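J.: Mind having a look at this structure? Questions to follow.
The values are calculated or read from the model by the stated rules, or taken from the named source; none is laboratory data. Small disclaimer: the values here were computed from a predicted structure and weren't measured. Positions of Cβ are generated from backbone atoms using ideal geometry, with glycine treated the same way; all protein chains shown enter the neighbour counts.
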Amino acid sequence: MRPARALIDLQALRHNYQLAREASPGARALAVIKADAYGHGAVRCAQALEAEADGFAVACIEEALELRAAGIRAPILLLEGFFEADELDLIVEHDFWCVVHSLWQLEAIEQATVAKPLTVWLKLDSGMHRVGLHPKDYQPAYQRLLASGKVAKIVLMSHFARADELSCSRSDEQVAVFEAARQGLSAEISLRNSPAVLGWPNIPSDWVRPGIMLYGSTPFEEPHPLAARLQPVMTLESKVICVRELPAGEPVGYGAKFVTPRPMRIGVVAMGYADGYPRHAPTGAPVLVAGQRTQLLGRVSMDMLCIDLTDVPEAGLGSTVELWGKNILASELAAAADTIPYQLFCNLRRVPRVYSGD
């Protein structure tokens, strides 16, 4: 059996959720498990958190229905709301909470016949300019939802564009836009995502939405004391399946992107871009083999990659290689490959997940 696998530590997941709670005293926390829990497995992650989570957040109704089918009864928020008006029947049937970010969604609710009132999270575009109501439409939308008689509760929300930049004033500017738009409205609010939970404690939020931090990866480029307490949840590992002894001047891998500058010992690892390892990771990207750090060499192939074993004499055929995890942080590899940990996790495929810490 091919040795590539992703080890998922559910106890680390719970630790990170508890850290979000600790960093948000008095607030409730929706665990964001969209995109199959950022590649970690939404059902297993929800099951691991359900006893303590205040609820979950997913991107769309398909993801929410998968959780309900698996027996998850906790509240589930649809972060993109509904895409077609006929989804409202399923939203009511399964008791989903629903974001409303566009006027057409508001109109669809007004025109719908619903068996019981909805819980709506009304989203303001406070400056990210992705989705959300314009500030001038926000209070009228709130009043229209109340007047429709089809809404039991409204939570006011927005989303930050640059909360991961701790010295940037944009988050404070967005809070000011939000506060002006909601003036006089009596409702719970939700503003803080992972970087805001960790790095912006003074931003008000009755509900927080931890996402990337749940999986143990920092949203920041610089060190941060709370982020340093996160525990990586996923360890992507495989094994050395072949060892080559090469003289100086020999090319390694496709395109001869690396040529040995000296006699070198090369390990071939069963891991490639078809598994989700970034093809554009450069020579020098960190890996761990036999407990020691070494480096990627040459171009990543579909199913294999090469690493430097020259100065790791104890490593050889069958040695375990950590591509990212508790020793090689996903954020470190992401920086080397000019990407982000979110993409590393979400691109994972073909690799079986092995769970611990139930």
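J.: Considering only segment 155-177, how many residues are of a type in the set (D, E, K, R) and not in a helix (DSSP H, G or I)?
T.: The total comes to 3.
J.: Let me ask something additional. Can you pull out the residues in segment 288-332 that are within 22 Å of the chain's Cα centre (by Cα) and of a type in the set (Val, Ile, Thr)?
T.: Answer for segment 288-332, where residues must be within 22 Å of the chain's Cα centre (by Cα) and of a type in the set (Val, Ile, Thr): just Ile328.
J.: Looking only at segment 1-28, filter to residues that are out of contact with any Cys (no Cβ under 9 Å at 6 or more places or on another chain) and in a strand (DSSP E or B); which one of those is farthest from Met304 (Cα to Cα)?
T.: Keep residues of segment 1-28 that are out of contact with any Cys (no Cβ under 9 Å at 6 or more places or on another chain), which gives 1-7, 9, 11-12, 14-28.
With in a strand (DSSP E or B) added as a condition, the list becomes 5-7, 9, 28.
Working: Arg5: 14, Ala6: 16, Leu7: 19, Asp9: 25, Arg28: 44 Å.
Ranking the qualifying residues of segment 1-28, first place goes to Arg28.
J.: Kindly indicate whether Pro278 is in the same structural domain as Leu348 (by TED's automatic domain parsing), within 15 Å of Ala334 (Cα to Cα) and assigned to a loop (DSSP other than H, G, I, E, B).
T.: Yes: the conditions hold for Pro278.
J.: For segment 120-150, how many residues meet the condition of being farther than 20 Å from Gly184 by Cα and among the β-branched types (Val, Ile, Thr)?
T.: 1
J.: From the list Ala27, Ala51, Ala70, Ala85, pick out the single residue that is surrounded by fewer than 17 Cβ atoms within 10 Å (Cβ to Cβ) and over 29 Å from Thr235 (Cβ atoms).
T.: Details: Ala27 fails: surrounded by fewer than 17 Cβ atoms within 10 Å (Cβ to Cβ); Ala51 fails: over 29 Å from Thr235 (Cβ atoms); Ala70 fails: over 29 Å from Thr235 (Cβ atoms).
Criteria check complete, one pass: Ala85.
J.: Now for a different question. Which residue, of Lys116, Lys123, is assigned to a loop (DSSP other than H, G, I, E, B) and farther than 30 Å from Leu7 by Cα?
T.: Checking each option against the conditions leaves just Lys116.
J.: Then there is this: Need at least 3 residues that are of a type in the set (A, V, I, L, M) per element, so show me which strands (runs of 3 or more DSSP E) inside segment 178-261 make the cut, counting only ones lying wholly within it.
T.: On the way: elements: 189-193, 207-209, 234-246.
Strands (runs of 3 or more DSSP E) meeting the threshold: 234-246.
J.: Looking at segment 117-158, which of the residues that are β-branched (Val, Ile, Thr) and in contact with a helix residue (DSSP H, G or I) (Cβ under 9 Å, 6 or more places away or on another chain) is surrounded by the most Cβ atoms within 10 Å (Cβ to Cβ)?
T.: First, pick out the residues of segment 117-158 that are β-branched (Val, Ile, Thr): 119-120, 131, 151, 154-155.
Of the ones still in play, those that are also in contact with a helix residue (DSSP H, G or I) (Cβ under 9 Å, 6 or more places away or on another chain) are 120, 151, 154.
Details: Val120: 26, Val151: 21, Ile154: 20.
That would be Val120.
J.: Of these, Ile109, Ile91, which one is within 18 Å of Ile154 (Cα to Cα), in a helix (DSSP H, G or I) and touching a residue at least 40 places away in the same chain (Cβ under 8 Å)?
T.: After applying the criteria, what remains is Ile109.
J.: Please state which one of Tyr254, Tyr277, Tyr273 is under 30 Å from Arg162 (Cα atoms), surrounded by fewer than 21 Cβ atoms within 10 Å (Cβ to Cβ) and touching a residue at least 24 places away in the same chain (Cβ under 8 Å).
T.: Tyr273
J.: Of the conditions (1) more than 30 Å from Ala42 (Cβ to Cβ); (2) not in a loop (DSSP other than H, G, I, E, B), Ser331 satisfies every one except a single condition; which number is it?
T.: That leaves (1) as the condition not met.
J.: Can you report the number of residues in segment 29-59 which are touching a residue at least 24 places away in the same chain (Cβ under 8 Å) and assigned to a loop (DSSP other than H, G, I, E, B)?
T.: Number of matching residues: 10.
J.: For segment 44-81, give me each residue that is farther than 26 Å from Ser24 by Cα and among the small types (Gly, Ala, Ser).
T.: Ala69, Ala70, Gly71
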